[in-house]
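*Asks:* I have a structure here, written as structure tokens, and I will follow up with some questions on it.
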Amino acid sequence: MPAGKVVVVGSLNADLTVRTERFPSPGETLNGSELVIVPGGKSANQAAAAAILGADVRLFGAVGADGHGDLLLKAAAGAGVDASRVLRRSGTATGTAMIVVDASGENTIIVSPGANGTVTGAELPADLFDGAAVLTLSLEVPLEAVTAAARAGHDAGAQVLLNLSPYREVPAELLALTDVLLLNTHEAALVTGLADPASDWEAVIAALDALGVRRTIITLGGDGAVVLDGTASGTGRVVAIAPTRVTAVDTTGCGDAFTAATAARLAAGDSLADAAAFAARAGALAATREGAQSSYSALLELVTPA
């Protein structure tokens, strides 16, 4: 599998995870498992998974000068990520995510940004995008920094892959700079204003085209994904991606595995549909093990010869 250079700009979090039989109702207290602290954050997850899948990965973001920051940088290096450009902030805590996982593997997450909220576009290293084939972005750092990174990556010739998560409205400039937009169905509804995007993919293409987005992947949970290509014609505009059926243990980090696999395969020269098909398998495999980055060892099945 040929490697390509992927740059990831965004968040690094320490994931504080507790497992319980079910989610509590408002005002209810439940007993849970022991607290587990592991490396996470959407961008750190995506960087780690892309590196495990064979990409040459650089990561930029910020952590605090604390134990959680040490944990995250060690984990990134262990996954094969070049994290030498990640900033250390004294006097600011590393970002954290508080995660509850129920018996079916579903999760709820609350994020405290910490150092992630201090990232600025002015701090992007001059050499960050040298040779980059794909730039991967999500929305756990300030929009100014995300937009600045998209602008710099675009100018450097990288494909800009924007994972519009956690969802918020973004500047028109950021969408115009995006080569591939990655959404789930909820995010697709919010972006397009369509109540049921899955009922009319051509309407989704038209709505996204009006926003300046021509190529999109929409994930469908256990039903796979769909690739929407406004630049194609005929049946090539909508390509269904079949799901990979697994028994889910923990869905934390599965979306990040999907994003990372898409980036890794686009950087290696795959078509968007082929990259999405590979990503669907990666996201499913990540659900078969606990945690986010801790589950990505399962991705080795996709790159290790049988």
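*Asks:* Under the condition of being assigned to a loop (DSSP other than H, G, I, E, B) and within 19 Å of the chain's Cα centre (by Cα), which residue from the stretch 106-127 is farthest from V6 (Cα to Cα)?
*Replies:* Out of the qualifying residues, it is E106.
*Asks:* Related question: Which one of these is hydrophobic (A, V, I, L, M, F, W, C), assigned to a helix (DSSP H, G or I), in contact with a helix residue (DSSP H, G or I) (Cβ under 6 Å, 6 or more places away or on another chain) and modelled with pLDDT of 90 or more: A298, A260, A273, A280?
*Replies:* Only one candidate qualifies: A260.
*Asks:* Okay, moving on. Within the stretch 150-182, take every residue that is crowded, with 18+ Cβ neighbours inside 10 Å and small (G, A, S) and give me the one that is farthest from the chain's Cα centre (by Cα).
*Replies:* Here the residue is A152.
*Asks:* Now, a different point. As an exercise: evaluate T96 against (1) within 30 Å of A287 (Cβ to Cβ); (2) touching a residue at least 60 places away in the same chain (Cβ under 8 Å); (3) touching a helix residue (DSSP H, G or I) at 6+ places or on another chain (Cβ under 7 Å); (4) in a loop (DSSP other than H, G, I, E, B) and give the number of the one condition it does not meet.
*Replies:* T96 satisfies every listed condition except (4).
*Asks:* Okay, next question. For the stretch 215-228, what are the residues that are assigned to a strand (DSSP E or B) and not basic (K, R)?
*Replies:* Of everything in the stretch 215-228, those that are assigned to a strand (DSSP E or B) and not basic (K, R) turn out to be T216, I217, I218, T219, A225, V226, V227, L228.
*Asks:* Quick one: in the stretch 229-250, which of the residues that are over 13 Å from A298 (Cβ atoms) and part of a loop (DSSP other than H, G, I, E, B) is modelled with the lowest pLDDT?
*Replies:* S233
*Asks:* Now for a separate question. If a residue must be polar (S, T, N, Q) and closer than 21 Å to N13 by Cα, how many such residues does the stretch 151-168 contain?
*Replies:* 2
*Asks:* I'd like the residue in the stretch 39-67 that is surrounded by fewer than 22 Cβ atoms within 10 Å (Cβ to Cβ) and of a type outside the set (G, A, S) and, out of all such residues, is nearest to S297 (Cα to Cα).
*Replies:* D56
*Asks:* While we're here: Do the conditions hold for V86, that is, is it touching a Phe, Trp or Tyr at 6+ places or on another chain (Cβ under 8 Å) and not acidic (D, E)?
*Replies:* Judged against the criteria, V86 is a match.
*Asks:* Still on this model: Looking at this structure, is A268 buried (at least 19 other Cβ atoms within 10 Å of the Cβ), in contact with a helix residue (DSSP H, G or I) (Cβ under 7 Å, 6 or more places away or on another chain), modelled with pLDDT of 90 or more and among the small types (G, A, S)?
*Replies:* no
*Asks:* Taking only the stretch 184-214 into account, find how many residues are more than 18 Å from A240 (Cα to Cα), among the acidic types (D, E) and either assigned to a loop (DSSP other than H, G, I, E, B) or in contact with a strand residue (DSSP E or B) (Cβ under 6 Å, 6 or more places away or on another chain) (or both).
*Replies:* So the answer is 0.
*Asks:* Which one of A145, A132 is closer than 26 Å to T216 by Cα, in contact with a Gly (Cβ under 9 Å, 6 or more places away or on another chain) and either without any contact (Cβ under 8 Å) to a residue 40 or more places away in the chain or not in a loop (DSSP other than H, G, I, E, B) (or both)?
*Replies:* Only one candidate qualifies: A145.
*Asks:* Are there any pairs with C-beta distances below 7 angstrom linking a residue in the stretch 203-227 that is touching a residue at least 60 places away in the same chain (Cβ under 8 Å) to a residue that is not in a helix (DSSP H, G or I), with the two at least 6 apart or on different chains, and if so which?
*Replies:* Pairs that qualify, where the first residue is touching a residue at least 60 places away in the same chain (Cβ under 8 Å) and the partner is not in a helix (DSSP H, G or I), are I217/V180; I217/L182; I217/A225; I217/V227; T219/N184; T219/A225.
*Asks:* Based on this model, can you work out whether L174 counts as touching a Ser or Thr at 6+ places or on another chain (Cβ under 8 Å), in contact (Cβ under 8 Å) with a residue 60 or more places away in the chain and not in a loop (DSSP other than H, G, I, E, B)?
*Replies:* Spelling it out, it is not the case that L174 is touching a Ser or Thr at 6+ places or on another chain (Cβ under 8 Å), in contact (Cβ under 8 Å) with a residue 60 or more places away in the chain and not in a loop (DSSP other than H, G, I, E, B).
The values are calculated or read from the model by the stated rules, or taken from the named source; none is laboratory data. Quantities reported herein were computed from a predicted structural model and do not represent experimental measurements. Cβ atoms come from the backbone with ideal geometry, glycine included; neighbour counts cover every protein chain shown.
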